[in-house]
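Remarks on the structure that follows.
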Amino acid sequence: MTLLPPRVQAAIGRVHANSQPALALPRTEGFEPTTEVDIFDAGPQLRAKTYSIRTIRTTSTARVRDITTPTSVEKPFHLTHAALDFHATIGALEVHPDSSVSLDRETAGTRALAPGNTVSFAPLKRARFTRSIPPPANPCGPVPPRAPPT
């Protein structure tokens with residue numbers, strides 16, 4: 001590293017100010033920075049023990065009782081259908097005392113869920129960002145429109 005300019009050395013393992021919100025999301029899930037850096041961009045690496053990841057800790061599995069308009073809609077959930085193909089969506093559900101769930105029609109329809117199916121779900125946690133970051137400018141200038149196929 002001594003061959004690198006001091007300014008570059010100081011940036012190793014750090015995140016640019018514009019990338020702080022991207023780093024904040026995995027941190028809220030339980031990931032922590034390590035002493036290692038990425039070999040491609042020298043940015044920080046994050047690591048977490050599986051059991052310390054919030055979404056994994058808070059995930060439940062249940063049988064779909066019915067497709068209806070839930071009477072007491074809880075906050076949005078990440079939902080996955082326990083089938084061979086992985087499907088995920090965000091939607092509302094109602095958890096019943098017998099641990100079954102009711103899904104709203106829109107959520108069930110997006111994943112073709114039916115009564116009797118098994119779903120896994122975890123409460124959705126919205127990230128809180130303190131400022132809006134504009135998209136970066138294209139360093140190559142504006143992208144020209146594509147020519148129609150001939």
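The values are calculated or read from the model by the stated rules, or taken from the named source; none is laboratory data. For clarity, every value in this text was computed on a predicted model and none was experimentally measured. Note that we place each Cβ from the backbone using ideal geometry, even for glycine, and neighbour counts take in every protein chain shown.
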Worksheet item: Within the set of pairs 6+ apart or on separate chains, which have a first residue in the stretch 4-29 that is touching a residue at least 24 places away in the same chain (Cβ under 8 Å), a second that is polar (S, T, N, Q), and C-beta atoms under 9 Å apart?
Response: Gly13/Thr35; Gly13/Gln45; Pro21/Thr130; Glu29/Ser52; Glu29/Thr55
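Just the residues that are surrounded by fewer than 10 Cβ atoms within 10 Å (Cβ to Cβ) and outside any helix (DSSP H, G or I), please, taken from the stretch 1-30. Before you say what the answer is, go through the steps one by one.
At the first step, the residues of the stretch 1-30 found to be surrounded by fewer than 10 Cβ atoms within 10 Å (Cβ to Cβ) are 1-3, 5-7, 17.
Of everything in the stretch 1-30, those that are surrounded by fewer than 10 Cβ atoms within 10 Å (Cβ to Cβ) and outside any helix (DSSP H, G or I) turn out to be Met1, Thr2, Leu3, Pro5.
Before we move on, is Arg63 surrounded by 13 or more Cβ atoms within 10 Å (Cβ to Cβ), in contact (Cβ under 8 Å) with a residue 40 or more places away in the chain and over 21 Å from the mean Cα position of the chain (by Cα)? Walk me through how you get there before you give the answer.
Details: surrounded by 13 or more Cβ atoms within 10 Å (Cβ to Cβ): yes; in contact (Cβ under 8 Å) with a residue 40 or more places away in the chain: yes; over 21 Å from the mean Cα position of the chain (by Cα): yes.
It is true that Arg63 is surrounded by 13 or more Cβ atoms within 10 Å (Cβ to Cβ), in contact (Cβ under 8 Å) with a residue 40 or more places away in the chain and over 21 Å from the mean Cα position of the chain (by Cα).
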Discussion item. Residue pairs, Cβ under 7 Å, 6 or more apart or interchain, first in the stretch 107-134 and modelled with pLDDT under 85, second of a type outside the set (Ser, Thr, Tyr) and surrounded by fewer than 14 Cβ atoms within 10 Å (Cβ to Cβ). List them.
Written reply: Leu124/Lys75; Leu124/Ile90; Ala127/Leu25; Ile133/Asn18
Worksheet item: Looking at (1) assigned to a strand (DSSP E or B); (2) at pLDDT 90 or above, can you tell me which one Pro33 breaks?
Response: (2)
Worksheet item: Identify, please: which residue in the stretch 75-90 is surrounded by 13 or more Cβ atoms within 10 Å (Cβ to Cβ) and not in a strand (DSSP E or B) and is, among those, modelled with the lowest pLDDT?
Response: Ala83
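Identify, please: which residue in the stretch 25-59 is among the polar types (S, T, N, Q) and more than 17 Å from the chain's Cα centre (by Cα) and is, among those, nearest to Ile90 (Cα to Cα)?
Selected residue: Gln45.
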